[in-house]
Amino acid sequence: MSTDRPHSVSVAGVVVDDQGRALLIQRRDNGHWEPPGGVLEREETIPEALQREVLEETGIKIALPATLTGVYKNMKGLIVSLVFRCEAADGTPTTGDETRALRWATREEVSELADEAYAIRVLDALDAASPPAVRAHDGVKLV
C-alpha cells in the first residue's frame, strides 16, 4: 500500500449567461480568478457539492443536472477536478467569505484573467466539450 497522500476531488461550475459569458470569481485567499468550486465533503454527492460550492461563492443557485465538460488533475496538488457547464436557476451574483470579486467574462477576458490551468476549464465549458476534456496541469500551466 502506498504511503503517499490520497487525491482529493473537487468540483467547479462554469455558470454561463445568455450572452455566452462565464461567471468568474476572484478568490479572497490568493486573488486568482477562476470558476467557483471546491472540494467535496465526505457525505456529499457530486451534484450536491457543485450546487453548494457555486451558491456559497456566487450567491447563484444552479439548475441540475449540469453538463460535465472536463476532468482535470493537478499533478502537484493531487486534486482531481470535475468541471461542469451550469445555468443559473435563481439568485444574483454576490461576493462572500471566499470571494473578493465576481465578473462575467468573455472568452478573451477569461484567458487574460485566469492562469492557463483554470482558463482552459472555463473555455472547455464554454465550448461544451463533448466528450469531456481530460487534462493535467501543475497548478498553473498545462502539462
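In a shell of Cβ-Cβ distance under 11 Å around Gly77, excluding Gly77 itself, what net charge do Lys and Arg (+1) and Asp and Glu (-1) give? Intermediate results must be reported in sequence, preceding the final value.
Details: positive: Arg5, Lys73, Lys76; negative: Asp138.
With Lys, Arg at +1 and Asp, Glu at -1, the net is +2.
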Next on the checklist: Can you give me the angle between helix 46-58 and the longest principal axis of the chain, using Cα atoms only, in degrees from 0 to 90, rounded to the nearest 10?
Outcome noted: 50 degrees
Checklist entry - Anyone know which of Ala89, Ala12, Ala114 comes out most mobile in the 10 Å Cα GNM of the chain? => result Ala89
Next on the checklist: At 0.36 nm per residue, and after removing the present C-alpha to C-alpha distance, how many nm does the segment from Asp18 to Thr106 gain when stretched out fully?
Outcome noted: 30.5 nm
Item to check | Estimated inter-spin distance, Arg5 and Thr45, nm [label 7 Å along Cα→Cβ] | outcome: 3.0 nm
Checklist entry - Among the lysines, which fall within straight-line cross-link reach of Lys141, defined as a Cα-Cα distance under 25 Å, with same-chain neighbours fewer than 8 residues apart omitted? => result Lys73, Lys76
Item to check | Average accessible area per residue (Å²) across region 89-143 - probe 1.4 Å, nucleic acids and ligands excluded | outcome: 56 Å²
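Can you check what the Kirkwood hydrodynamic radius comes to for region 1-84, Cα pairs only, in Å to one decimal?
The Cα-based Kirkwood calculation yields 13.7 Å.
Return the FRET efficiency for the residue pair Arg52, Lys73: r is the Cβ-Cβ distance, R0 is 25 Å, and the value is rounded to the nearest 0.05. If you can, show how the numbers build up before the last one.
Details: r = 22 Å, r/R0 = 0.90.
Between Arg52 and Lys73 the formula returns 0.65.
Per DSSP helix of 4 or more residues, -39500 (n - 2.57); summed, then divided by the residues of the chain. What does that give at 222 nm, rounded to the nearest 500? It would help to have the intermediate numbers written out before the result.
On the way: 3 runs with 31 residues, N = 143.
So the helix-based figure for the chain works out to -6500 deg cm²/dmol.
Where in the chain is the longest stretch that carries no GluC sites (Glu not before Pro) classed as loop by DSSP and with at most 13 other Cβ atoms within 10 Å? Don't skip to the end; give the middle numbers.
Details: sites that count: Glu41, Glu43.
Here the longest run is 44-143.
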Checklist entry - Counting only DSSP beta bridges with both residues in the chain, what percent are antiparallel, rounded to the nearest 5? => result 65 percent
Next on the checklist: Starting from 0.36 nm per residue, how many nanometres of slack lie between Leu142 and Asp97 once their C-alpha separation is accounted for?
Outcome noted: 13.3 nm
Next on the checklist: If you average the alpha carbon positions of region 114-143 and of region 61-107, how far apart do those two centres end up, in angstrom?
Outcome noted: 12 Å
Checklist entry - Using a Gaussian network for the chain with springs between C-alpha atoms less than 10 Å apart, which of these wobbles most: Arg28, Arg42, Arg103? => result Arg42
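Estimate the FRET efficiency between Ala89 and Asp29 by the formula 1/(1 + (r/R0)^6), using the beta-carbon distance for r and 22 Å for R0, to the nearest 0.05. Please report the intermediate quantities before stating the final value.
Values: r = 27 Å, r/R0 = 1.25.
The computed FRET efficiency comes out at 0.20.
The values are calculated or read from the model by the stated rules, or taken from the named source; none is laboratory data. Just so it is clear, the structure is predicted and the values come from calculations on it, not from any experiment. Reconstructed Cβ throughout: ideal geometry from the backbone, glycine too, with neighbour counts over all protein chains shown. Note: accessible area is taken over every heavy atom of the protein model, side chains too, but ligands, DNA and RNA are not part of it. Shrake-Rupley method; radii C 1.70, N 1.55, O 1.52, S 1.80 Å.
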